Amino acid sequence: MSQLSQIFDIDFPGRRPSKAQILSKIKAAIQSGAAAISVSWGENRIDLDYSFNARSWNGCGWIRAIGGDDIAQELNNQQKRG
């Protein structure tokens, strides 16, 4: 994770979140200025970090079949579209 940005933590207690729920919370965090985001559900975690030099998101980890890299790619594609 980023050394320069405070990590924005998103926790989903209880039922496994859907990809839409995860993306909704991540987008809200980004709109509030977050550049480092950690999403957790029990022991599962997705970490996202924005690279200001590359102007892109990087992700790692998994929550069930939802991968951090997949979320990062989707955020980068949406960013390109405007």
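Amide H of I10: which non-local residues (sequence gap of 5 or more, or other chain) have their own amide H closer than 5 Å, using H built in the peptide plane?
HN-HN under 5 Å from I10: S38, V39, S40.
Do any trypsin sites (Lys or Arg not before Pro) in segment 53-82 lie in a loop, going by DSSP, with at most 15 other beta-carbon atoms within 10 Å of their beta carbon, and if so which? Walk me through the intermediate numbers first.
Working: sites: R55, R64, K80, R81; in loops: R55, R64.
When the trypsin sites (Lys or Arg not before Pro) of segment 53-82 are filtered for loop state and at most 15 Cβ neighbours within 10 Å, R55, R64 remain.
Below 8 Å between Cα atoms, with a sequence gap of 6+, how large is the relative contact order for segment 7-81 in percent? Before the final figure, lay out each step's value.
Working: 112 pairs, mean separation 17.6, N = 75.
Reported as a whole number, the value is 23 percent.
What ³J(HN,Hα) values, in whole Hz, does the Karplus curve 6.51 cos²θ - 1.76 cosθ + 1.60 give for segment 63-69 when θ = phi - 60°, with x put for Gly and Pro?
10, 6, 9, 9, x, x, 5
In the chain, which chymotrypsin sites (Phe, Trp or Tyr not before Pro) are in a loop and have at most 15 other Cβ atoms within 10 Å, using DSSP for the loop call? List each step's numbers first, then the result.
Numbers: sites: F8, W41, Y50, F52, W57, W62; in loops: F52.
Hits after loop and neighbour filter: F52.
For segment 7-81, with only Lys/Arg (+1) and Asp/Glu (-1) charged at the beta-carbon, what is the dipole magnitude about the Cα centre, in debye rounded to 20?
Working: 10 positive and 8 negative charges, 67 e Å.
For this selection, approximately 320 debye.
So what's the net charge close to C60: Lys and Arg +1, Asp and Glu -1, counting the other residues with Cβ under 12 Å from its Cβ? Display every interim value, and only then the final one.
Numbers: positive: R45; negative: D47, D49, D69, D70.
Around C60, the charge tally is -3.
Just so you know, all these numbers are worked out from the coordinates, no wet-lab data involved. As the structure is a prediction and not an experimental result, all values here were calculated from the model. So basically every Cβ, Gly included, is an ideal-geometry build from the backbone, and we count neighbours across all protein chains shown.
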